[in-house]
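The values are calculated or read from the model by the stated rules, or taken from the named source; none is laboratory data. All of these numbers come straight from a predicted model, not from anything done at the bench. Glycine gets a Cβ as well: all are built from the backbone with ideal geometry, and neighbour counts include every protein chain shown.
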C-alpha cells in the first residue's frame, strides 16, 4: 500500500487536510474521522488509488470535537449575578 502524509490544520470547528505527495488534494471535515474519509475519497476519485495509508501530521494544539465536548461538560455554567433587592422599610 502507498503511504501519504497529510498536514492537518484546525480552523474553528473544522479540520483541513492537505496531502503532501499529491498536489491539489485539500479537503475538510468536522471531525478527524470525516477528514480521513474525505482525503481517501479525494485520492480515489482523482487518481483511482484505493486502500491507501494516511499519516496525519497535526499541530499539538489541535482539539478534537470529543475533547471539546468533554471540556465544556466539565465547566460549571456561569450564572449572571443577581442583585439583592433592597428591603423596604415598613412604616407602622
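Applying the criterion of being touching a helix residue (DSSP H, G or I) at 6+ places or on another chain (Cβ under 9 Å) and either surrounded by 14 or more Cβ atoms within 10 Å (Cβ to Cβ) or at pLDDT 95 or above (or both) to the residues of the stretch 1-13, the residue that is farthest from residue 50 (Cα to Cα) is 8.
For the structure I just gave you, tell me whether residue 68 is in a helix (DSSP H, G or I) and modelled with pLDDT under 75. Here the answer is yes, as residue 68 does meet what is asked.
The condition of being under 22 Å from the mean Cα position of the chain (by Cα), assigned to a loop (DSSP other than H, G, I, E, B) and modelled with pLDDT under 95 holds for only one of 91, 82, 63, 78, that being 63.
Can you find, within the stretch 14-40, the residue that is surrounded by the most Cβ atoms within 10 Å (Cβ to Cβ) among those that are assigned to a loop (DSSP other than H, G, I, E, B) and in contact (Cβ under 8 Å) with a residue 12 or more places away in the chain? If we take residues in the stretch 14-40 being assigned to a loop (DSSP other than H, G, I, E, B) and in contact (Cβ under 8 Å) with a residue 12 or more places away in the chain, then 25 is surrounded by the most Cβ atoms within 10 Å (Cβ to Cβ). Condition first: touching a helix residue (DSSP H, G or I) at 6+ places or on another chain (Cβ under 6 Å), part of a loop (DSSP other than H, G, I, E, B), loosely packed, with under 13 Cβ neighbours inside 10 Å and modelled with pLDDT of 75 or more. Can you find one or more residues in the stretch 41-57 that meet it? Checking the stretch 41-57: at least one residue is touching a helix residue (DSSP H, G or I) at 6+ places or on another chain (Cβ under 6 Å), part of a loop (DSSP other than H, G, I, E, B), loosely packed, with under 13 Cβ neighbours inside 10 Å and modelled with pLDDT of 75 or more.
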